[in-house]
Amino acid sequence: MQPRVRLAAALALTLAALPAAAAAAPWGPAQPVPGLPPGATTPAVTVDASGRAEAFLVYGRVVRVASRGPKAVRWRVGTSLLRKPVAQLLRPSLAVARSGAAVATWRRGSTLRAALRAGPGAAFGPPVILSRGAGEWHEAVNEAGAAAVVYEAGGQSWLALRPAGAAAFGPPESLDPSGGTSPAVTLTSGGEAVLAWEASAGLATAVRPPAGPIGPPSSLPDAGDDPRLGVDGADLVTLVANYQGNLTASTRPAGGAFTTPETVVTADFEGASEEICCHRLVVDSAGVAALSYGGTAHGGVNYEAVQVRLRPGTAWRAQLRVIDDYVDFDTGFVTPTASHVALG
């Protein structure tokens, strides 16, 4: 089946604009994204503080960035981040801070590349190679333009960090020399890299101060695996992981430790017959969080869903469920933004 790009949410839930006690707005129906080329695949979508939306996608076997202004209807497809078409590009990804600073990452074969942008309207710099043997990876950027990428390679998990104002990424740093997989990272306003990964004894977390090095790891019992991280404007970090097929959440205040994980989504949510998978997390500056994930409903039909937390300390609420035979857990979910939530 030919891949397609669509927004099941129609960018209808504006999280950043919600007051703390407000109810979430309803989701719109699924519809194609006007102006995006029909051959575009594996989109990642973000929105900055001005409402400018950007989609990072593969089109014509090259990586491109498409943008749309706050009041525009159509998307404008920009120039390629790669000079030549390639046959194998895996999961291009984009992190954009509310200031417009951005880091784009993608993998060709096992070679992981990244490109950086200083702010909205600026051009992305030339791609740089972070690893020639990378597995899974994640990226983050903060308001000041510091960028971080974590990735698997050689049986360990690594951090590549570019401090705000630096000319290039520093040398890779091992999260744990004894090994580790499924790394995740987020950056605080002061440039701290908060890290999580799967260690041999369970989920581990650590902090890398702006001046380094990475601090000693701490174990987070009963948190699960496959962590995802997000941070708000007060530097409160949210961690979501998969624990025995359920999703758990924990938070870490600035300078503190992670709380005991709590279950926020169970594997039997709305009739799921198999374990939940493929979760994504996004947190905005006010602490509003959106958690998306996939599963299998009765009858073997795939579904995707979204839970929303309107402010730190409140319960996660079910907001959207999409059942579709076409759902692709690897690329079907786009969790954009500090401002909106959409599906791809």
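Could you list all residues from region 116-130 that are closer than 19 Å to Gly154 by Cα and over 20 Å from the mean Cα position of the chain (by Cα)? So that I can check it myself, show each step before the final result.
Residues of region 116-130 closer than 19 Å to Gly154 by Cα: 129-130.
Within region 116-130, just Ile129 meets the criteria.
Step by step: first the residues of region 98-115, then only those that are among the aliphatic types (A, V, I, L, M) and over 18 Å from Pro172 (Cβ atoms), then the one that is farthest from the chain's Cα centre (by Cα). Which residue is that?
Kept after step one, since they are among the aliphatic types (A, V, I, L, M), are these residues of region 98-115: 101-104, 112, 114-115.
Going one step further and asking which of them are over 18 Å from Pro172 (Cβ atoms), we end up with 101-102, 104.
On the way: Ala101: 15, Ala102: 13, Ala104: 11 Å.
If we take residues in region 98-115 being among the aliphatic types (A, V, I, L, M) and over 18 Å from Pro172 (Cβ atoms), then Ala101 is farthest from the chain's Cα centre (by Cα).
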| said: Suppose we keep only residues that are modelled with pLDDT under 95 and hydroxyl-bearing (Ser, Thr, Tyr) within region 167-181. Which one would you say is surrounded by the most Cβ atoms within 10 Å (Cβ to Cβ)? | reply: Thr181
| message | With the structure loaded, tell me whether Thr248 is surrounded by 17 or more Cβ atoms within 10 Å (Cβ to Cβ), hydroxyl-bearing (Ser, Thr, Tyr) and at pLDDT below 95 or whether it fails that test. | response | yes
| query | For region 91-133, how many residues are surrounded by 23 or more Cβ atoms within 10 Å (Cβ to Cβ) and part of a loop (DSSP other than H, G, I, E, B)? | reply | 2
| message | For region 283-320, which positions are at pLDDT 80 or above, surrounded by fewer than 22 Cβ atoms within 10 Å (Cβ to Cβ) and among the aliphatic types (A, V, I, L, M)? | response | Ala286, Ala315
| query | Based on what the data block shows, is Leu236 out of contact with any Leu (no Cβ under 7 Å at 6 or more places or on another chain), surrounded by 15 or more Cβ atoms within 10 Å (Cβ to Cβ), under 21 Å from Val96 (Cβ atoms) and touching a residue at least 60 places away in the same chain (Cβ under 8 Å)? | reply | yes
| Which of the residues that make up region 132-152 are under 22 Å from Gly180 (Cα atoms) and touching a Ser or Thr at 6+ places or on another chain (Cβ under 7 Å)? | Arg132, Gly133, Ala134, Glu136, Trp137, Glu139, Ala140, Val149, Val150, Tyr151, Glu152
| said: Which pairs turn up if I take residues in region 112-123 that are closer than 17 Å to Ala164 by Cα and look for partners that are modelled with pLDDT of 90 or more and surrounded by fewer than 16 Cβ atoms within 10 Å (Cβ to Cβ) with beta carbon separation below 9 Å, at least 6 apart in sequence or on another chain? | reply: Ala114/Val128; Ala114/Ile129; Ala115/Val128; Leu116/Val128
| field | Number of positions in region 93-134 that are modelled with pLDDT of 90 or more and of a type outside the set (A, V, I, L, M, F, W, C) | value | 5
| request: State whether one or more residues within region 148-162 are within 21 Å of the chain's Cα centre (by Cα), of a type outside the set (D, E, K, R), surrounded by 19 or more Cβ atoms within 10 Å (Cβ to Cβ) and assigned to a loop (DSSP other than H, G, I, E, B). | output: no
| task | For region 209-232, enumerate the residues that are surrounded by 15 or more Cβ atoms within 10 Å (Cβ to Cβ) and part of a loop (DSSP other than H, G, I, E, B). | result | Ile214, Pro217, Leu220, Asp222, Ala223, Gly224, Asp232
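The values are calculated or read from the model by the stated rules, or taken from the named source; none is laboratory data. Being a predicted model, the structure only gives us computed values, none of them experimental. Because the Cβ atoms are built from the backbone with ideal geometry, glycine has one as well, and the counts that use them run over all protein chains shown.
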